[in-house]
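None of the figures in this text is laboratory data; all of them are computed from the coordinates on show. Predicted model only: the values in this text are computed from it and were never measured. Cβ placement follows ideal geometry from the backbone for every residue including glycine, while neighbour counts extend to all protein chains displayed.
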Amino acid sequence: MTSSQSTALSPSLLVAVGRSTEIASPPPDAAEAEKEWSYTRAPDALSARSAYQSRRGLRREIRIFLTNPNAIVGVLFLASVVVTALLAPLLYPGDPLEMVSRPFLWPGQNADYPLGTDSMGRDVLAGIVHGARISLTVGIVATALGLTIGIGIGAVAGYFGGWVDEVLVKIIEIFQTLPNFVLLVVLVAIAQPTVTTVTAAIGIITWPTVARLTRAEFRAIREKDYVLAARSLGYGHARIVFAEILPNALPPIIVTSSVMVAGAILMEAALSFMGLGDPNRVSWGSMIGSGRDVIRTAWYLTALPGLAIVFTVISLNLISDGLNDALNPRFSEERR
Amino acid sequence: MTLLSVHNLSTQYSAGRGTVRAVDDVSLEIETGETVALVGESGCGKSSLGKSLMRLVEPTSGQVTFKGSDVTAMSARELRGLRQRIQMIFQDPFASLNPRQTVRAILTAPLKVHGIGDGKRRREIVEKIAEQVGLPPDSLDRYPHEFSGGQRQRIGIARALILEPELVVCDEPVSALDLSIQAQILNLLVEMKQRLSLSYLFVSHDLSVVRYFSDRVLVMYLGKIVESAPTAALWASPAHPYTRALLAAVPDPAKRKHAAPISGDLPSPHNPPSGCRFHTRCPLATDLCRAEAPRYRSFGENHTVACHYAQ
């Protein structure tokens, strides 16, 4: 260390340094750091403390996520839905729309059909199991589509500002002034109702929400000092957007995205309920739709697929909360 | 040799209705190896000047020359080369580090962007600079929120110095820190200056820090530089009434009496006063001051003052 020879301290600063040695009682593990003590480096309570609890990168965030009981419940339930969806062809090979038994078997009446059969004699459990495939596929793919468009447009608008921002905000507003569900119905009605068109239509009506959110986050974050620092270091726009701003803008987007998956599942269900879903695929919404006529006599036909939707949506919401806690280090640090 | 020269630089912000002249017709020079301090009240345009001369904020008019090349005329590509040679240390160490990157990622990125070294060499450079600024060896894989203010400011300094710049703009680098930590960081800046032969533009409102740290002082008031002098000369014979008032306001334990504060607040930069901008608060102000802006007058070697009545 050369500092003590090379620098001339003014008296007042020397006093300040001297005083700090009395106040700061050395932390237990500071013996090593103490040897290095000098005018330019001194042991520091917070860094000594955090040496104990430092966890690397993602592992720490996963740990926080996994200590959240709500998130665990959400993950477990969603995982069981995903596994069910994946195993559907093995559990119930064949078309779930085929008649397998006499109609209106109540749940528990026949051990072969634990959740009973509907008005056409179709197995309700087989329908729910296969319906999980449609619901999850549409939910996830539509959200991915909405996120890609929304983050792209929101990031460009928020980061560059100026006339680019004005044009993009106008486009977002055009989409937002149209009633969402009406637009969805129109889009699906124009194209043939297949899983692909339903997914694309849901993606197209959900991106403006993401775009607005992303734009707001980017506008706030681009003013931060660390973005200024990135500019002063000569980083390109792509690096600033993707490496500096986007990771910090993500928590609200992640929260929104799991809610969006839930929303997309609900929209698909609503479309199918109205008979605008893919007629060749069974979905939770279409099961509710076909059970609607007999709700007074066989309410389980609407209630059971309804419960499947409710639990899937709740578990997605629980996961989104858990993710938010885990991915925001400052917040989780303060809560501990 | 002149490292950086600024000629008639102005920076305006358009804020709501009307514009704010944050920097108004400022000229200055920084020699190689020199530490120049820029002092003034909050809101006088110090930080704007620092950012304008790096073109982090686009200046409205004027010229900035760094080692003979015109910074204000540089293209985006040329500007990227300049980034390697002028760097900045920020005031708030809690805001200037990306909370989602480890210290290693924060320090490695500049090397990647400027194509310095391969993976192994970059690791060596990062470890060396971390050691030089006094970061504990195990700190590289931690996140900024695990550090205290002083340690974070060391990270900020390491990031600014890792590209081996020639000029570092320090934007109030210690004003957010505890007094004891301030001394450590200032000593570190002095040490790094000698080790890497840096020049500093040291923006501050803390005169005791400036006196300790700088070779020359520029006093700024409402977007204009009102006095420029070597540090010793400024303390020995401050000429501008504003400088005198600033120096008198520094608490002195030996005198133990109240300093007469400068009366009033900083006038609105939306609508700066006519003539000499300080006339609304100046004890010497006359009609001449209200009507006519003073020119710079020389008061000995390297000492210039913009005041009609300075003696």
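Points worth noting:
- Gyration tensor verdict on the protein assembly as shown (Cα atoms; rounded if a/c is under 1.5, prolate if a/b is larger than b/c, oblate otherwise): prolate
- In order along the range B:224-239, the Karplus-derived 3J(HN,Hα) couplings, from 6.51 cos²θ - 1.76 cosθ + 1.60 at θ = phi - 60°, round to 10, 8, 9, 8, 9, 7, x, 3, 4, 5, 5, 6, 6, 9, x, 9 Hz, and Gly and Pro are given as x.
- Taking a span of 15 Å or more along the helix axis (Cα atoms) and a mean Kyte-Doolittle hydropathy of at least -0.5 as the rule, the DSSP H helices of chain B that qualify are B:103-113, B:149-161, B:179-196.
- Gyration tensor verdict on the range B:237-311 (Cα atoms; rounded if a/c is under 1.5, prolate if a/b is larger than b/c, oblate otherwise): oblate
- Relative contact order of chain B, pairs being alpha-carbon contacts under 8 Å that are 6 or more residues apart, as %: 20 percent
- Cα centroid separation, the range B:110-188 to the range A:89-133 (Å): 65 Å
- Residues of the range B:7-35 with amide N under 20 Å of the 7 Å Cα→Cβ point at B:Ser298: B:7-8, B:27-31
- Cα Rg over Rh - the range B:123-196, Kirkwood: 0.93
- Number of Lys-Lys pairs in chain B with C-alpha atoms under 21 Å apart and a separation of 8 or more places or on different chains: 9.
- Evaluated at q = 0.11, 0.14, 0.15 Å⁻¹: base-10 log I(q)/I(0), Debye formula over Cα of chain B: -0.72, -1.11, -1.24
- Ranked by how many other Cβ atoms sit within 10 Å of their own Cβ, fewest first, the residues A:His130, B:His270, B:His205 fall in the order B:His270, B:His205, A:His130.
- FRET E, pair B:Glu78, B:Glu41, Förster distance 25 Å, beta-carbon r, rounded to 0.05: 0.10
- The label-point distance for B:Leu247 and B:Ser10, in a model that sets each label 7 Å from Cα toward Cβ, rounds to 3.2 nm.
- Cysteines in chain B that lack a partner Cβ within the 4.7 Å cut-off: B:Cys44, B:Cys170, B:Cys282, B:Cys307.
- Neighbour counts of other Cβ atoms within 10 Å put A:Thr196, A:Thr256, B:Thr65 in the fewest-to-most order A:Thr196, B:Thr65, A:Thr256.
- Of all beta bridges that DSSP places with both ends in the protein assembly as shown, some 60 percent have antiparallel geometry.
- Close amide H pairs (under 5 Å, H built 1.01 Å from N) link B:Val168 with B:Gln87, B:Ser199, B:Tyr200, B:Leu201, residues at least 5 positions away or on another chain.
- The order of A:Tyr300, B:Tyr143, B:Tyr13, going from fewest to most other C-beta atoms within 10 Å of their C-beta, is B:Tyr13, A:Tyr300, B:Tyr143.
- Summed over all non-identical Cα pairs, the Kirkwood treatment of the range A:69-335 gives a radius of 20.3 Å.
- The antiparallel fraction among DSSP beta bridges confined to chain B stands at about 60%.
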